[in-house]
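The values are calculated or read from the model by the stated rules, or taken from the named source; none is laboratory data. A quick note: this is a predicted structure, and the numbers were derived from the prediction, not measured. Using ideal geometry, Cβ is built from the backbone for each residue, glycine included, and neighbour counts are taken over all protein chains shown. Heads up: the accessible areas ignore ligands, DNA and RNA and are worked out on the full protein's heavy atoms, side chains in. Shrake-Rupley method; radii C 1.70, N 1.55, O 1.52, S 1.80 Å.
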Amino acid sequence: MAITAKFYPSAAAAMFNSDLNSGDSFKMALLSSSGTFNAAHTLFSQVEGNQISASAPNVGYTAGGVAVTVGPATSDSSKAEFPITAALWTGATFTFQNAVVYETAGGKLLMHLAFDAEQDVAGQDYQINAPSPAPKATPVGI
């Protein structure tokens, strides 16, 4: 399963302007196959319409996603890392293909994750790990 991770260009500007910091509160939300990356997007409200449903038949998903911790950033002579803690949905049943990480207070988009195919989760715990440089997603306990 291939996953493509992209930072939103507006996130870099927000970080340089101190409008987006590792101490802020962040969430990861799941999007349908229609929720593809658009570099012009800056806010969660621009992708929120592509979020998967938080009602039946989906189970274990809450609108807006789950809390994740971002940063602090680290670097050395060959790379910079911007760690994001794992997002976990328990007892979940849903289908999604994209995910976004966003700052909850202002809705600023940070990162987009695109899976190469729809992910079907059926009555299990599901975890997305998004470490830098290459995010990965794995069902828990499989």
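Length gained on full extension, PHE7 to ASN129: 42.4 nm, using 0.36 nm per residue less the C-alpha separation. Heavy-atom accessible surface of the chain, averaged per residue, reaches 49 Å², computed with a 1.4 Å probe.
In terms of its C-alpha gyration tensor, the stretch 33-72 comes out oblate, because a/c is 1.5 or above while a/b does not outweigh b/c. Take the Cβ atoms of THR90 and GLU48, set R0 to 30 Å, and the FRET efficiency comes out at 0.85. Estimated at 0.36 nm per residue, the fully extended path between SER55 and ALA122 surpasses their Cα-Cα distance by 22.6 nm.
Split the accessible area of the chain by element, probe 1.4 Å, and carbon with sulfur accounts for 52%. Computed from the C-beta positions of ALA73 and ASN38 and an R0 of 30 Å, the FRET efficiency is 0.80 to the nearest 0.05.
Labels on offer are [x] 1.14; [y] 0.95; [z] 1.07, and the one holding Rg/Rh (Cα atoms, Kirkwood Rh) computed from this structure is [y].
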